[in-house]
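First up is the structure itself, then whatever we jot down about it.
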Amino acid sequence: MRTRWPWISMLLSIIVLVSPIGTEILHDAFVSGEQLSRSIAQPIALIGFAILISICIVEWLVRSIVSKRRARGATV
């Protein structure tokens with residue numbers, strides 16, 4: 001592991017957002033002309049964003065912990 005950047009979860013997030021289901025949810029949540037569609041899809045989209053961001057944060061924390069342990073060296 002050379003970097004602490006959470007590239008795996010960010011790549012997964014991009015794939016989810018670009019997928020047909022992800023683009024449909026984003027369209028319904030923020031672009032749709034119907035108020036009912038927007039009010040139903042916005043909480044779903046915001047919860048999805050929160051989950052993807054929290055996954056990125058967890059991966060960054062795990063990578064930070066692992067890199068600090070590797071820098072410190074193995075002690076038995």
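Brief remarks follow.
- Lone unmet requirement of (1) under 15 Å from the mean Cα position of the chain (by Cα); (2) more than 30 Å from residue 71 (Cβ to Cβ) for residue 52: (2)
- Check on residue 18, open to solvent by less than 100 Å² (accessible area, probe 1.4 Å) and of a type outside the set (Ser, Thr, Tyr): no
- Only one entry of 4, 69 meets the criterion of being open to solvent by 100 Å² or more (accessible area, probe 1.4 Å) and without any contact (Cβ under 8 Å) to a residue 24 or more places away in the chain, and that entry is 69.
- Residue 41 being part of a helix (DSSP H, G or I), surrounded by 15 or more Cβ atoms within 10 Å (Cβ to Cβ), of a type in the set (A, V, I, L, M) and free of Cβ contacts under 8 Å to residues at least 40 places away in the same chain: yes
The values are calculated or read from the model by the stated rules, or taken from the named source; none is laboratory data. Predicted model, so just to flag it, every value in this text is computed and none were measured. Cβ sites come from the backbone with ideal geometry, for glycine too, and all protein chains shown count toward neighbours. Ligands, DNA and RNA are stripped out before the accessible areas are found, and what is left, the full protein with its side chains, is counted by its heavy atoms. Shrake-Rupley method; radii C 1.70, N 1.55, O 1.52, S 1.80 Å.
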